[in-house]
Each structure stands twice: as structure tokens, then as C-alpha cells.
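Rule-based calculations on the coordinates, nothing more; no lab input. Small disclaimer: the values here were computed from a predicted structure and weren't measured. Here Cβ is always computed from backbone atoms with ideal geometry, including for glycine, and neighbour counts include all displayed protein chains.
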Amino acid sequence: MRLLTHNLLQCHVKKCTTNNFPLNFAKVMTVEDREVEFHPQFIERMIPRLDFDALKAAMNQLNIMEEIPFDLNKEIESYTEDELKLLHGILMQKEIIDGEMVCKNCGHVYPIKDGIPNMLLEEDEVK
Ligand SMILES: [Zn+2]
């Protein structure tokens, strides 16, 4: 699972509607670096949809040490190619292989296995 995906996920347990984003990483076993082709326009399109506080929190929890030495909320036109590449490296190339995500509101655990987050709920947890 990519950090981009994590940034777009929230807890969807029934009645869990506040403080349900971002999901916290727990018991992370494996984060791998993947080679993914760089498409600057794709990253540019994603930037306005991202929550950068959540991204930084996730990087902290996963011990991803890359520094982001620029303001993430700046105008999209002012991003340089190098800055987009740095974000690409973090959002697209860090792959969480194994671990768990926990909702800080309701405590629901979403396992990640073989790089795939399991967002399925039990029947009584569904909205
Ligand atoms: Zn929840």
C-alpha cells in the first residue's frame, strides 16, 4: 500500500464519523522502496487532494526520514520538478507491505498484508 492510498483512507465503521482520519500505523513490519515511473502531472493533480499533516504523521510513524524542505500548501504552479519528484518518491515509491492501521477514534484495526489494506468490516460495523 502506498502512502498516497493511506492519505485517502478514513475509518468507515458505522457511527465513526469524527476523528477517523488519518488511520494510525501500528505494528508495521515492512516498508519497501519500489521503482515507480514518475508522472509529474499525476503528482500535480494529487497535491490539492492531500492532507499534508496526515502525510507527515504517517512518515513519522513509519520512520521515513526524507525531509520535505518546502511548503506543501504553496501554489501548484510553483512546484519544481525536483519537488514533485521528492513527493513522488514518498507517495508512490514507499510501499507498506505488512502491518496494521488503527482508527484513533473507534480503535478498529485494518490489517495490511502483502501490500494490500483490508478495509472490509464485519456486518455489524457497516453503516
Ligand atoms: Zn473508526
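Once you have a ≥ b ≥ c as the square roots of the Cα gyration tensor eigenvalues for the range 1-43, tell me rounded if a/c is under 1.5, and otherwise prolate or oblate according to whether a/b is larger than b/c.
Numbers: a/c = 4.07, a/b = 1.62, b/c = 2.51.
Cα axes put the range 1-43 in the oblate bin.
What the Cα convex hull of the range 38-127 gives, in volume per residue, is 130 Å³. Annotation: extensible slack from residue 82 through residue 35 equals 15.3 nm (criterion: 0.36 nm per residue apart, minus Cα-Cα distance).
Using the Cβ-Cβ distance between residue 124 and residue 45 with R0 set to 41 Å, the FRET efficiency from 1/(1 + (r/R0)^6) comes to roughly 0.65.
With a cap of 15 neighbouring Cβ atoms within 10 Å, and only residues DSSP puts in a loop, list the chymotrypsin sites (Phe, Trp or Tyr not before Pro) found in the range 25-74. Intermediate values should be presented prior to the final figure.
Values: sites: 25, 38, 42, 52, 70; in loops: 38, 70.
Passing both the DSSP loop test and the Cβ count: 38, 70.
Sites listed here are trypsin sites (Lys or Arg not before Pro) in the range 28-89 whose DSSP assignment is loop and whose Cβ has at most 15 other Cβ atoms within 10 Å: 34, 74. Taken along the Cα-to-beta-carbon direction at a fixed 7 Å, the label points for residue 15 and residue 27 span 2.5 nm.
Across the range 24-85, Cα-Cα pairs more than 12 Å apart make up 75 percent of the total.
Can you give the charge dipole size of the chain about its Cα centre, rounded to the nearest 20 debye, using +1 on the beta carbon of Lys and Arg and -1 on the beta carbon of Asp and Glu? If you can, show how the numbers build up before the last one.
Numbers: 14 positive and 23 negative charges, 110 e Å.
Dipole magnitude for the chain comes out near 520 debye.
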